[in-house]
């Protein structure tokens, strides 16, 4: 079930759903909440590495972080977003979801029309700023304002509670964009063994 | 906030002036003769002053980087910081120096630094604390006082940024963070609904992030509300 505006407001009042700071109540629409572009960015850069190694073979010889650069803007400043660039940003708002509510993110129509895209799901019980993995699909650069309401989250209820922290999490209470922790995916150790076996690698 | 930053600037510019005056007054008073309790207190904080020949050398050779001047400056810095972070600097010092009981050429012993700050916070001013406070007031016209405003919150334990409404409370965030860090992590996990066993890396990350966001939110809200109230 999608949460309506009244239901969202009820959850906020009961402190089950936390959004901090909520600069304007008008950010809460009939069926979604608008979230603002935060102050911190991780931008892909050309580094000494030939590519970003997100494969099972990355033994930290080519750390993913070496292909990203951190940059920060103040509220009201702008950020120039180049064509085909992927930028990791965060929402200005820190959120905490109830255990039985998850959220789906999409770009607000005004920004979608400019060629920006985002797609993500926030799990029940998540707390932290929302990670915004943005891509400029346009052929021209876009200048964006920090603090502008860019994405919207729709909230859905589950029939059963789910505890986000039942296991160790890669991202806990994050307040700025965090580099992909793909190398920490547990499946890699099995996939690596299969790869070694198929290639007769014995070391 | 600006007021405190200005204070910080003034005090930091005048750090060497404060050191020099404390330095000279202590030497002069030692040579003129101090009551035994005051003298013993000084020898506790600056053990090398117990050797009369050293006092003569220090009197003749003032240098902001000699051992006595550097130690005076360190005690001053601790005193200055305690206005904002209370005894948190003690925890940090004990952590990085492993409660070191001996002084070095540049720093007094951690044990003495901790005693000095605790005495100040417990308002047990001895000769040295009184000396600093009089000299600081004379040079800066400012008192050493508690500048962090207490506030109660359990937001960090619920994995939420604290809601700060007063700039003086910003300093208390650091104190609050230390309280959580030094507290019982199992209680924290229980309150936050964390089922896995947290390690120091997890707790450090949580506390650090929440302090950062609490400060950030305060600044964002202040800027937003100020502009809104002007009806731009």
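Any read-out appearing in this document is the output of simple, stated calculations on the displayed coordinates, not a laboratory observation. These figures come from a predicted structure and were not determined experimentally. Virtual Cβ from ideal backbone geometry, glycine too; neighbours counted across all protein chains shown.
Computed quantities for the displayed model
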quantity: Length gained when the stretch residue A:194-residue A:162 is fully extended (0.36 nm per residue, less Cα-Cα span); calculated: 8.2 nm
quantity: Structure-based [θ]222 nm, chain A - -39500 (n - 2.57) summed over DSSP H runs of at least 4, per residue, nearest 500; calculated: -3500 deg cm²/dmol
quantity: Degrees separating the helix B:200-229 axis from the principal Cα axis of chain B, which is the longest one; calculated: 80
quantity: Where labels lie 7 Å past Cα in the beta-carbon direction, separation of residue B:96 and residue B:224 in nm; calculated: 3.6
quantity: Least to most buried among A:108, A:72 (fewest other Cβ within 10 Å first); calculated: A:72, A:108
quantity: Per-residue Cβ neighbour rank within 10 angstrom, fewest leading, B:43, A:62, A:81; calculated: B:43, A:62, A:81
quantity: Within the stretch B:147-188: backbone nitrogen closer than 12 Å to the residue B:121 label point (7 Å, Cα to C-beta); calculated: B:175-176, B:178-179
quantity: Separation in nanometres of the label points that stand 7 Å from Cα toward Cβ, at residue A:119 and residue A:179; calculated: 2.6
quantity: Helix B:36-45 vs. chain B, principal-axis angle (Cα, 0 to 90°, nearest 10); calculated: 60
quantity: Sequence of A:73, A:192, A:36 once ranked by neighbouring C-beta atoms within 10 Å, starting from the fewest; calculated: A:192, A:73, A:36
quantity: Number of partner chain Cβ atoms within 10 Å, mean per residue of B:157-164; calculated: 4
quantity: Gyration tensor (alpha-carbon) shape descriptor, chain A, a/c threshold 1.5; calculated: oblate
quantity: Cα principal axis extents for the protein assembly as shown, largest first, Å; calculated: 82, 69, 46
quantity: Rel. contact order, % - alpha carbon contacts under 8 angstrom, at least six apart, chain A; calculated: 27
quantity: Rg/Rh for the stretch B:92-232, where both radii come from Cα atoms and Rh is the Kirkwood radius; calculated: 1.07
quantity: Other protein chain Cβ atoms within 10 Å, averaged over every residue that makes up B:204-214; calculated: 4
quantity: MRE, 222 nm, helices only [DSSP H, n ≥ 4, -39500 (n - 2.57), over chain B, to nearest 500]; calculated: -22000 deg cm²/dmol
quantity: Average Cα contact separation per residue, chain B, under 8 Å, 6 or more apart, as relative contact order %; calculated: 18
quantity: Distance in nm between pseudo-label sites at residue B:150 and residue B:166 (7 Å out along the Cβ direction from Cα); calculated: 1.2
quantity: Sites residue B:31 and residue A:26 - FRET efficiency at Förster radius 60 Å, r taken between beta-carbons, to 0.05; calculated: 0.25
quantity: The stretch B:95-165-the stretch A:114-131 distance, computed between alpha-carbon centres (Å); calculated: 42
quantity: Bins of 10 Å, starting at 0 and running to the largest distance - Cα pair percent for the stretch B:78-139; calculated: 22, 51, 26, 2
quantity: Convex hull of the stretch A:100-146 built on C-alpha atoms - directionally averaged projected area, nm²; calculated: 3.8
quantity: Principal-axis tilt of helix A:187-198 within chain A, Cα atoms, nearest 10 degrees; calculated: 30
quantity: Alpha-carbon centroid distance for the pair the stretch B:171-232 / the stretch A:20-35, whole angstrom; calculated: 22
quantity: Distance between the stretch B:17-48 and the stretch A:144-200 - C-alpha centres, whole angstrom; calculated: 60
